[in-house]
Structures are given as C-alpha cells and as structure tokens.
Amino acid sequence: MNQKPPAKLPDLSEMSARIKPGTRRFFILGLTVLFGMMMPARGELPPAGDKPVPALKDIYKNDFLIGVAVGPYVYQNEDKTIGELVAKHFNCLTCENAMKWASLHPAAGVYTFETADKLVEFAKAKAMQVVGHTLVWEQQTPEWVFKGADGKDANRDVLLVKMREHIEKVAGRYRGKIKGWDVVNEAVAGGGKEWLSDSPWKRIIGEDYVLKAYEFAQQVDPKAELYYNDYELENPLKRERCVRLVKGLMDKGIKIHAVGNQAHWSLTKPSIAEIEQTLKDFVALGVKINFTELDVTLYNWGDKNDIYQTGAPPEVLQQQAARYAAIFALFHHYRQHIDRVTFWGPTDKYSWLNSFPVRHTNHPLLFDRAGLPKPAFWSVSEAAGEQKPR
Ligand code: GLA
C-alpha cells in the first residue's frame, strides 16, 4: 500500500545515515531481560477482546495532536475498518503522498487534486485537522519541473516562477482547510562541507530557494502555520545546520511555527538523550517541535531477510513497546513544546517500511495488520501518566 514511487525513494547511502547498524541479537537479549525486570505489567500482551481500547487522541487531548499519514485507502472502503480506526485514534491527517508535487502537478499546467481533495473531505467529516505535506522537496518532484522549454536545465527565474505558481495553486486551493504546511522538506545536509543538500532546487536557484518557498507560502496563506521538516535531527551537525536555517528564515521575517522532526527511528537509535537534546535545541530557538513521521522499525540497517514474515516474536514486540514508552514519556514531559505527534501510517499493513529499504515484513506502528493494538499501543496509552524517563 506504500504509494511512494520506487524511483523516488531516498537512496541507500542517504538512508544508511538514518539508521545505523548495530548488534541486534545482543541488544534484543539485553533489553528483553531489562524490560522484563522494569515493566512487567506492560510487557504482557493485552488480553485480546476483553480490554476496551481507548482512543489515543483522547488520552493525549491535553498534550498534543495525534496525527497519522494516510492514503486513499481510508475512504475507498476496500479495507472496511481502516477509516474507522483512523477516525477513532487520530485527530490530524497528513496525506502520505497525495499532496506531493508528483501527485498534484505531474505535468506542466496539469493539476490532479482528486485524491488530496477526498482526503481533506475525509478529515473534515471526521473532525480531523490537516497538515499539508509538502510544497518543495527534491524527491517525488517530476523532472519537467527542473527543465526549461528547450529540455535543458531551467534557469533561476524560470524555476522560481514554477515554484511560485505551484505554491499559489496548491496552498491557495487548501487555504482555510489546512492547519499548516511543510513548506520545504529535507533541505539540510547531514554531512559534508555544504550545509544544504545538493538538489536541483539549490543548484538552479541557489541557497535562497528555501527562503523564496517560505515567502511564497506566507503570502498565499498567511494564516497557515509554516514548518520546516527533516530527518536525523539528532545528528548534531545536521541539527546545528537546521537551527541555522530556521533562525535565518525567522530573521528574514518568516513566521516559522515549528520544526518537524520526522522521527523514522529504530529500536535503539537515536537514544532518548539525543532526542531530548534535539528538543532542547529547538525549544531554545523559540519554535515548537512536531514529530511528523514517527515509526519504530524492527530491522537493523542492512537486514535483508524477511525474518518477521509470519509476525514478530513477543520479546521483540515488547522491546518495541518499551522503546515507544520511553519516547512518549519524553514527549509527554515536553508537551508544552510539542503541538503534534504524527505516525507515518495507521497500521503495520500500511507502513512504507514494508518496502523500504528492501521488501520485508515490518511491524513499526502501534496497530498490527488486522488493526489490533500491539504491546506498543498499550505502552503509549500509559506513557501519558509517566514522568520524565531516566
Ligand atoms: C520522507 C518524506 C515522507 C515520506 C517518507 C517515507 O521522510 O518526508 O513524505 O516519503 O520519507 O515514506
């Protein structure tokens, strides 16, 4: 169900920076023992059927929005219960792919709003807010955008006109219906000498392509919140560069409401201390921090075998529950600085991690393939009462 076109997936070298390899066997054993000692009540599988399942959005209603990224399956009704599950637990919707450039604007002058419109209608009918994702990104943006009429690279002026026109059309269409926009996605480099990632946007327009995107968005929908969204912000170099980018925008009069920390995390990385330091650095900058694409993969980078095809063993699901508990205890502690925590998919069945970085059965979310709550669901539902971890 992952609709991200394979040709547009981030390349492996980029992703390998997100999830560093480790020694899984050793770690699982250690954590299982530790978790068994620390959290006996939460470590048990929930009794199927006889425990009422609380709505996550209600548990966290005084803290932050609980969001989810979805595709058209929520309204298509082929999977009868998924729309219901989404409406019950989540109060904010991100279109997983439907608002990306390639989906909305596949060819010059051609706009295809149908799926995005239907998702926005679905959200409205279910009293969910909507986050716009994303206006300017290197990936899932068609080639034609970066070409001039002669088929060669567009020049700065031509590309700026295209960017402005796209933002006017898209942000204009959803004005009043969208809480905020991920205006630019993934502009900052996690390593190397250049602080901004190499992309056609940067190559053709120059570094100020980022500022221009925010200026256009702010003009088109002055009431929408503006976000900068990126991954691996726990890498100190990348975080420092991200702080520089956001501060630079604010100094130029852009009202950045929040930084979106994508939070594609694993069972071990990043550490809670690193996540907390990242939170603190953005709090100091005076912006909110949203966790915008949360999932916790069961695989280490480089795992190629489909070892969880028939399900993940209870001890691994418990390890994941402990990880989610620690993450949400931290989020709860910093709740006054967090507006939203969004999961990248409603259930394991719909996660992009089943096909990325290789095709294997993953179980990164709170609900299993049948939509039943996993141990991680119960630990997240209990973490709201937790004090600061550690
Ligand atoms: C990035 C993007 C998302 C999505 C995920 C994985 O993090 O911001 O739109 O494509 O990758 O699917």
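Quick one: length gained pulling VAL110 to TRP144 fully straight, 0.36 nm per residue minus the C-alpha distance? Walk me through the numbers on the way to the answer.
Details: separation 34, 0.36 × 34 = 12.24 nm, distance 1.18 nm.
Extra length available between VAL110 and TRP144 comes to 11.1 nm.
Which residues' amide hydrogens lie under 5 Å from the amide hydrogen of GLY260, considering only partners 5 or more residues apart or on another chain, with H built in the peptide plane?
HN-HN under 5 Å from GLY260: TYR228, ASN229, ASP230, ASN290.
Taking R0 as 35 Å, what FRET efficiency do you get between LYS177 and ARG369 from their Cβ-Cβ distance, rounded to the nearest 0.05? It would help to have the intermediate numbers written out before the result.
On the way: r = 32 Å, r/R0 = 0.90.
Efficiency computed from Cβ-Cβ geometry: 0.65.
Can you tell me which of 65-71, 296-302 comes out highest on packing, and rank the rest after it, using the mean Cβ neighbours within 10 Å? Walk me through the numbers on the way to the answer.
Numbers: 65-71: 24.7, 296-302: 20.3.
Descending mean neighbour count gives 65-71, 296-302.
Can you tell me the FRET efficiency between LYS255 and LYS280 if r is taken as the Cβ-Cβ distance and R0 is 25 Å, rounded to the nearest 0.05? Can you show the working numbers first?
Values: r = 22 Å, r/R0 = 0.88.
For R0 = 25 Å, the calculated efficiency reads 0.70.
What ranking, highest mean first, results for peptides 254-261, 75-82 when packing means the other Cβ atoms within 10 Å averaged over each residue? If you can, show how the numbers build up before the last one.
Numbers: 254-261: 21.8, 75-82: 13.1.
Result, highest mean first: 254-261, 75-82.
Calculate for the chain the 222 nm mean residue ellipticity that helices alone would give, adding -39,500 (n - 2.57) per DSSP H run of length 4 or more and normalising by residue count, nearest 500 deg cm²/dmol.
On the way: 15 runs with 151 residues, N = 390.
Rounded to the nearest 500, it is -11500 deg cm²/dmol.
For the chain, would you read off the P(r) tail past 35 Å as a percentage of all alpha carbon pairs? Show your work: numbers first, answer last.
Details: 17058 of 75855 pairs.
Cα-Cα pairs in the chain separated by more than 35 Å: 22 percent.
Using the charge dipole of the chain (Lys, Arg: +1 at Cβ; Asp, Glu: -1 at Cβ; taken about the Cα centre), state which of TRP195, TYR73, LEU317 has its Cα farthest towards the positive end.
Result: TRP195.
Between beta-carbons, use under 9 Å as the cut-off and find the net charge around LEU233, counting Lys and Arg +1, Asp and Glu -1.
Numbers: positive: LYS238, ARG239; negative: ASP230, GLU232, GLU234, ASP281.
With Lys, Arg at +1 and Asp, Glu at -1, the neighbours total -2.
Find which of ILE272, VAL283, GLY180 sits farthest along the positive direction of the dipole of the chain, computed with +1 on the beta-carbon of Lys and Arg, -1 on that of Asp and Glu, about the Cα centre.
VAL283
Per residue of the range 254-271, what does 6.51 cos²θ - 1.76 cosθ + 1.60 with θ = phi - 60° give for ³J(HN,Hα)? Whole Hz please, x for Gly and Pro, Karplus curve as stated.
8, 8, 7, 7, 8, 9, x, 9, 4, 6, 7, 10, 10, 5, 10, 10, x, 6
So between ASP198 and THR310, what do we pick up on full extension, going 0.36 nm a residue minus the alpha carbon distance? Don't skip to the answer; put the middle values down first.
Working: separation 112, 0.36 × 112 = 40.32 nm, distance 4.03 nm.
Extra length available between ASP198 and THR310 comes to 36.3 nm.
Name the residue, out of MET99, MET128, MET250, whose mean-square fluctuation peaks in a Gaussian network model built on the chain with Cα pairs under 10 Å.
Maximum fluctuation in the GNM of the chain, among the listed residues, is at MET250.
With unit charges on the beta carbon (Lys/Arg positive, Asp/Glu negative), name the residue among LEU56, LEU135, PRO346 whose Cα is farthest towards the positive pole of the charge dipole of the chain.
LEU56
Check which residues have an amide H placed less than 5 Å from GLY71's amide H, if you skip close sequence neighbours.
Sorted by chain and number, the residues that satisfy this are GLU96.
Enumerate the calculated ³J(HN,Hα) couplings along the range 342-350 in order (Karplus 6.51 cos²θ - 1.76 cosθ + 1.60, θ = phi - 60°), each rounded to whole Hz, writing x wherever the residue is Gly or Pro.
With the stated coefficients, the range 342-350 comes to 10, 8, 8, x, x, 9, 3, 4, 9 Hz.
Quote the charge dipole size of the range 54-383 about the Cα centre in Debye, to the nearest 20; the model charges only the Cβ of Lys and Arg (+1) and of Asp and Glu (-1). Walk me through the intermediate numbers first.
On the way: 41 positive and 42 negative charges, 124 e Å.
For this selection, approximately 600 debye.
Step through the table entries LYS100/LYS374; LYS118/LYS212; LYS57/LYS288; LYS118/LYS162; LYS61/LYS238, compare each Cα-Cα distance with 27 Å, and write down the pairs that go over it.
On the way: LYS100/LYS374 31 Å; LYS118/LYS212 29 Å; LYS57/LYS288 19 Å; LYS118/LYS162 25 Å; LYS61/LYS238 32 Å.
Going by Cα-Cα distance, LYS100/LYS374; LYS118/LYS212; LYS61/LYS238 fall outside the 27 Å limit.
At LYS61 and ASP117, where each label point lies 7 Å from the Cα along Cα→Cβ, what is the point-to-point distance in nanometres?
Spacing of the two 7 Å Cα→Cβ label points: 3.4 nm.
I need to check one value: relative contact order of the chain, counting alpha carbon pairs closer than 8 Å and at least 6 residues apart, in percent.
On the way: 679 pairs, mean separation 76.6, N = 390.
Computed over the chain, the figure is 20 percent.
Taking H placed 1.01 Å from N in the peptide plane, check which residues at least 5 places from THR342 or on another chain put their amide H under 5 Å from its amide H.
Here GLY67, PHE291, THR292, GLU293, LEU294 satisfy the definition.
Could you list the square roots of 5 times each eigenvalue of the Cα gyration tensor of the range 331-371, that is, the equivalent ellipsoid semi-axes, sorted largest first and rounded to whole Å? Walk me through the intermediate numbers first.
Details: eigenvalues 134, 27, 11 Å².
Semi-axes, largest first: 26, 12, 7 Å.
Each reported figure results from applying straightforward, stated rules to the coordinates on display, with no laboratory input. Predicted, not measured: the structure shown is a model, and the values here were computed from it. Every residue, glycine among them, receives a Cβ derived from its backbone with ideal geometry; neighbour counts consider all protein chains shown.
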